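The block underneath contains the structure these notes are about, expressed in structure tokens.
The values are calculated or read from the model by the stated rules, or taken from the named source; none is laboratory data. Computed from a prediction, not measured in an experiment: that's the story for all the values here. So basically every Cβ, Gly included, is an ideal-geometry build from the backbone, and we count neighbours across all protein chains shown. Note: accessible area is taken over every heavy atom of the protein model, side chains too, but ligands, DNA and RNA are not part of it. Shrake-Rupley method; radii C 1.70, N 1.55, O 1.52, S 1.80 Å.
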Amino acid sequence: MKPRRISKPVRIGDVTVGGGAPIVVQSMTKTNTADVRATVEQIKELKGCGCEIVRVAVPDNEAAEAIRAIKKKVSIPLIADIHFDHRLALAALESGCDGLRLNPGNISQRDKVKEIANAAKERNVPIRVGVNAGSLPKPKNPKLSVSERMVEAALAQIKMLEELDFELIKVSVKAFDVPTTIEAYRSIAQKIPYPLHIGVTESGPPRTGIIRSTAGISTLLYEGIGDTIRVSLSAHPREEVIAAYEILKSLNLRQHGPILVSCPSCGRAEVDIVKLAAEVEKELLKVDKPIKVAVMGCIVNGPGEAKDADIGIACGKGRAVLFKKGKKVKTIKEKDFIKVLMGEVGRF
Ligand code: SF4
């Protein structure tokens, strides 16, 4: 794994993004932002599963105004997502947002960007230059590939902000197509000093969306690229946060809650491992300590295959061996599998 790319840190509220800080997990609410009660409830739920920054859509003045009330009731930084109308960015800043996301595809006029940059600078609020392959400005050179066009669009707005003496910048260049996304981030990572928000956009419902997102995000993280991640899914945003942590945990970049090791099962298994692993996974959602738990299908290979797990069970016919760090501790009956295993997890 390559060392992390050094980036110039920015602060979104009390969260540092870039400059070697832990990779930040963020998500976006799916409520009507103007519905303060529903939005606050969703933000609190997201914070409960580890979300560190949340973005809200600001399609109108009502939403921009609602940020003021939402901010009073939540404790994680709030980013206002702005498209088309620069006055909404000004209103969101006025309401106390901690960060802005601008899309160079629909707000790029210098006088408008200048107004936003001045107001953001006054409040020390960073701006993400959030390029999306689906809403690119007209290219200067029509022969450019989509990834090149995304980079061109980002660089143009970054240059404009720098000329306006604004450097509290974060950047994203997202596409639905994974290779396009990877190429765009690889390219821009070499050209600018700012932190990168990485993700694969509109990646779909969980089954396929998590795979697309993981393919893109993990490749970049492995190359040392990325300071904050968002997994975009057509699902409740808690699924985005859970998936983001699983990506970071799988690359040993963050610790967050338990890790479940479970074998795929095979002809040797004498219990329903698929069902058992699903039950344990559900129970582990209630646990927030970093612990590696294994559910293995047989005594022959189980403890050996999961020897770095903190606690696990290796099942046989009607019974299982409870093991800790690959060493057998005791035998338990099938009816007690979950109870004993979770009891041990609780005591760990
Ligand atoms: S642990 Fe046992 S049952 Fe599970 S895949 Fe390995 S050999 Fe098969």
Among the residues listed as LEU88, LEU161, LEU144, the single one being open to solvent by less than 50 Å² (accessible area, probe 1.4 Å), hydrophobic (A, V, I, L, M, F, W, C), free of Cβ contacts under 8 Å to residues at least 24 places away in the same chain and not in a strand (DSSP E or B): LEU144
Flag for LYS307 being part of a loop (DSSP other than H, G, I, E, B) and either surrounded by fewer than 18 Cβ atoms within 10 Å (Cβ to Cβ) or within 15 Å of the ligand (Cβ to nearest atom) (or both): yes
Residue list for region 325-348, filter: out of contact with any Pro (no Cβ under 8 Å at 6 or more places or on another chain), surrounded by fewer than 18 Cβ atoms within 10 Å (Cβ to Cβ) and more than 18 Å from GLU281 (Cα to Cα): LYS325, VAL329, LYS330, THR331, LYS333
Counted residues, region 281-304 - those being assigned to a helix (DSSP H, G or I) and either within 14 Å of the ligand (Cβ to nearest atom) or over 28 Å from ILE23 (Cα atoms) (or both): 3
Residue pairs meeting the criteria (Cβ under 7 Å; at least 6 apart or on separate chains; first in a helix (DSSP H, G or I), in region 262-277; second open to solvent by 100 Å² or more (accessible area, probe 1.4 Å) and within 6 Å of the ligand (Cβ to nearest atom)): none
Sole residue being of a type in the set (D, E, K, R) and farther than 30 Å from GLN42 by Cα, chosen from ASP227, ASP272, ASP288: ASP272
So ALA38, is it open to solvent by 30 Å² or more (accessible area, probe 1.4 Å) and not basic (Lys, Arg): no
Candidate set from region 182-213 (those that are under 21 Å from VAL146 (Cα atoms) and open to solvent by 40 Å² or more (accessible area, probe 1.4 Å)); member that is modelled with the lowest pLDDT: GLU202
Looking only at region 216-231, and only at residues there that are within 23 Å of GLU281 (Cα to Cα) and open to solvent by 10 Å² or more (accessible area, probe 1.4 Å), the one that is farthest from the chain's Cα centre (by Cα): SER218
Residues of region 232-241 classified as among the charged types (D, E, K, R) and crowded, with 21+ Cβ neighbours inside 10 Å, total: 1
Selection count, region 263-280, where residues are of a type outside the set (Asp, Glu) and more than 8 Å from the ligand (Cβ to nearest atom): 7
Region 103-118 residues that are part of a helix (DSSP H, G or I), paired with ones that are surrounded by fewer than 16 Cβ atoms within 10 Å (Cβ to Cβ) and of a type in the set (D, E, K, R) (beta carbon under 9 Å, 6 or more apart): ARG110/GLU163; LYS112/ARG87; GLU115/ARG87; ALA117/ASP165
